[in-house]
Amino acid sequence: MSERAAKITPADADEQDDEHLTDSATPDTAREGDADTESETTPEPVTNGADAVVRALENAGVEYAFGVQGGAIMPVYDALYDSDITHVTMAHEQGAAHAADAYGIVSGEPGICLATSGPGATNLVTGLADADMDSDPMVALTGQVPTEFVGNDAFQETDTTGVTTPVTKANTFATDSDRVGSDVSEAFALASEGRPGPTLVDLPKDVTNGETDREPDTPETPDTYEVQERADPEIVAAAAERIENAERPVMLLGGGVIKGNASEACREFATEHEIPVITTMPGIGAFPEDHELSLEMAGMHGTGYANMAITHCDTLIGIGTRFDDRLTGGIETFAPDAELIHVDIDPAEISKNIHADYPLVGDAATVVEQLSEAVSQSPQATKWRAQCQQWKSDYSMAYDAPEDKPIQPEFVVEALDEATDDDTIVTTGVGQHQMWACQYWTYTEPRTWVSSHGLGTMGYGLPAAIGARLAADDDQDVVCIDGDGSFLMTMQELSVAVRENLDITVAVLNNEYIGMVRQWQDAFFEGRHSASDYGWMPEFDKLAEAFGASGFRIDDYDEVADTIEAAIDYDGPSVIDVHIDPQANVFPMVPSGGDNGQFALTEDQL
């Protein structure tokens, strides 16, 4: 980060008497060395609720927080002034939530976002709902009017816990300055323990301003919160026997594989037993797509060969997946001949959408290890593997890119992939560009695909790239593949990327449409383009320059490689305005509620 980064500068600390040292100070350390050493090893004592909130974050190892300042959250920001936590001021609270979400996806630790009361809190709701649908670890801290004003329609008052209860894993209305730090510690622990998700602590101003010397508890979940780690041994044994006797097995890896750090265990199991592997969209990266066993992504816009394998398999090993409608299409036609082994840490997901013949509740990595120990021989599936390879050939993802027509988006995605390393992190908004980024980038590692899945939030890509950049290793590239409609929704966050001098590359696949809506209108609404034609799009390269980023434009194929190289090489945020074929469509496609085995490869097949 640059010297201009929005890190809150520590204030000069007041001298403290020895009697004011906290219990966490080490007496021998405090006596040794000079004053500088003492200030580095001994934290300042907690004096109010806001100090306790920040201390809880520090104790949890938080390095970054994303937010927007405001009246009711001001005491917490004042406490951040003396903290080593780096605060990144976002342009909008929704951007703060998406940045924190992406930070959590890439780092594996909960991302932190802050907002004030009223509109600040409600502006977080989309990001909270997004993280909740995708089980992403995140903690939101919201300011609230003083307790005595709650319920009186005070200025910028909103029932934040009421509004966010349906879209958070847990939320808390803080009532006690002595307890508020521990409330935050508990929220942090809950966000990542078991099935991850967003948590929220609502902070009335009198609670954060209230005096306290109470140090927050360490981040721990409540005693009543229990997570089952290991699956029932009898069901594991039965599932193992089914795998051994399978003739047409497939593994289906969902987002829970990545969140549960089970990717390596799944790779080892699949390769040892030579079982073809499919991923859901959130599971992209859980298994290397350049491996011969990979059939890539299934579902509405999944590969033809993945959908054929699901339709014809006799044993489906689903790990960390919700079996949502974008994956399954019509439930009655999903894997109709298969017995289902379902591994999930959340028992509520078992048989919620698709009946599980072998319900295995537990941590993904742990249960896969249980299965690995229980499976004594690999299934005899040589012919099945050959059939899967034949489907790969029959339903190739090849595309035409004639030079006398506008640029095809698939070509741009492949060019971006070619120009970057295997560990590059890709973020996207939602729409056609998201599907092309799924289909034509080859993902080989987990936590390199960052997108909005369950909620389908347009505008997610750019703020997510900011969060991903700060969570990523310094030598990792971060590329945001966005659409013109999505980019318009949150492009104000480009100001943050410029201010913080973040090295991200944004490729806007500009077709001057809300492309996926236009595609559906052509297919199902007789081509009536109601509110999907965005023929008035701005010049995004010039807008980037106005923000202080580096702007590029691509209109022809011969400009693609050199322009992408220049944008990626630029040390800072860059935006490429790529003018693609406005009539380009995403295929394969399974109509909503359709049969995955009856996917369309062209519009006239719908």
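Might you check whether a residue that is within 18 Å of Val412 (Cβ to Cβ) and either in a helix (DSSP H, G or I) or of a type outside the set (D, E, K, R) (or both) occurs anywhere in the range 463-471?
Within the range 463-471, the subset within 18 Å of Val412 (Cβ to Cβ) is 465.
Imposing the further condition that a residue be either in a helix (DSSP H, G or I) or of a type outside the set (D, E, K, R) (or both) reduces the set to 465.
Yes, the range 463-471 contains a residue that is within 18 Å of Val412 (Cβ to Cβ) and either in a helix (DSSP H, G or I) or of a type outside the set (D, E, K, R) (or both).
Tell me, which residue of the range 159-189 that is among the small types (Gly, Ala, Ser) and surrounded by 17 or more Cβ atoms within 10 Å (Cβ to Cβ) is farthest from Ala131 (Cα to Cα)?
Ser177
In the range 305-322, what residues are surrounded by 24 or more Cβ atoms within 10 Å (Cβ to Cβ) and either free of Cβ contacts under 8 Å to residues at least 12 places away in the same chain or closer than 15 Å to Gln598 by Cβ (or both)?
Once the filter is applied, which keeps residues that are surrounded by 24 or more Cβ atoms within 10 Å (Cβ to Cβ) and either free of Cβ contacts under 8 Å to residues at least 12 places away in the same chain or closer than 15 Å to Gln598 by Cβ (or both), the range 305-322 yields Tyr305, Ala306, Asn307, Ala309, Ile310.
Tell me, which residue of the range 129-153 that is part of a helix (DSSP H, G or I) and within 18 Å of Ile73 (Cα to Cα) is nearest to the chain's Cα centre (by Cα)?
Result: Thr147.
Could you list, in sequence order, the residues of the range 190-236 that are surrounded by fewer than 15 Cβ atoms within 10 Å (Cβ to Cβ) and either in contact with a helix residue (DSSP H, G or I) (Cβ under 6 Å, 6 or more places away or on another chain) or of a type in the set (Val, Ile, Thr) (or both)?
Thr218, Glu220, Thr224, Val227, Glu229, Arg230
Which numbered condition trips up Gly515, out of (1) touching a Leu at 6+ places or on another chain (Cβ under 7 Å); (2) surrounded by 22 or more Cβ atoms within 10 Å (Cβ to Cβ)?
The number of the failed condition is (1).
Answer yes if at least one residue in the range 489-500 is closer than 22 Å to Asp421 by Cα and either modelled with pLDDT of 95 or more or outside any helix (DSSP H, G or I) (or both), and no otherwise.
From the range 489-500, those closer than 22 Å to Asp421 by Cα are 497; that's our starting set.
Filter once more, keeping what is either modelled with pLDDT of 95 or more or outside any helix (DSSP H, G or I) (or both): 497.
The answer is yes; a qualifying residue exists.
Kindly provide the set of residues from the range 390-443 that are without any contact (Cβ under 8 Å) to a residue 60 or more places away in the chain, in a loop (DSSP other than H, G, I, E, B) and among the acidic types (Asp, Glu), ordered by number.
If the condition is that a residue be without any contact (Cβ under 8 Å) to a residue 60 or more places away in the chain, in a loop (DSSP other than H, G, I, E, B) and among the acidic types (Asp, Glu), then Asp400, Asp404, Asp421, Asp422, Asp423 are the ones that fit.
Based on this model, can you work out whether Gly320 counts as outside the structural domain of Asp132 (by TED's automatic domain parsing), under 19 Å from the mean Cα position of the chain (by Cα), closer than 23 Å to Gln389 by Cβ and of a type outside the set (Val, Ile, Thr)?
So Gly320 fails the test.
Yes/no per residue for (1) surrounded by fewer than 24 Cβ atoms within 10 Å (Cβ to Cβ); (2) out of contact with any Asp or Glu (no Cβ under 6 Å at 6 or more places or on another chain); (3) assigned by TED's automatic domain parsing to the domain that holds Thr505; (4) at pLDDT below 95:
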| site | (1), (2), (3), (4) |
| --- | --- |
| Gln387 | yes, yes, no, no |
| Gln390 | yes, yes, no, no |
| Glu414 | yes, yes, yes, no |
| Asp417 | yes, yes, yes, no |
| Ile425 | no, yes, yes, no |
| Thr428 | no, yes, yes, no |
| Cys438 | no, yes, yes, no |
| Glu445 | yes, no, yes, no |
| Gly456 | yes, yes, yes, no |
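The values are calculated or read from the model by the stated rules, or taken from the named source; none is laboratory data. The structure displayed is predicted, hence computed values, not measured ones. No Cβ is skipped: glycine too gets one built from the backbone with ideal geometry, and neighbour counts run over all protein chains shown.
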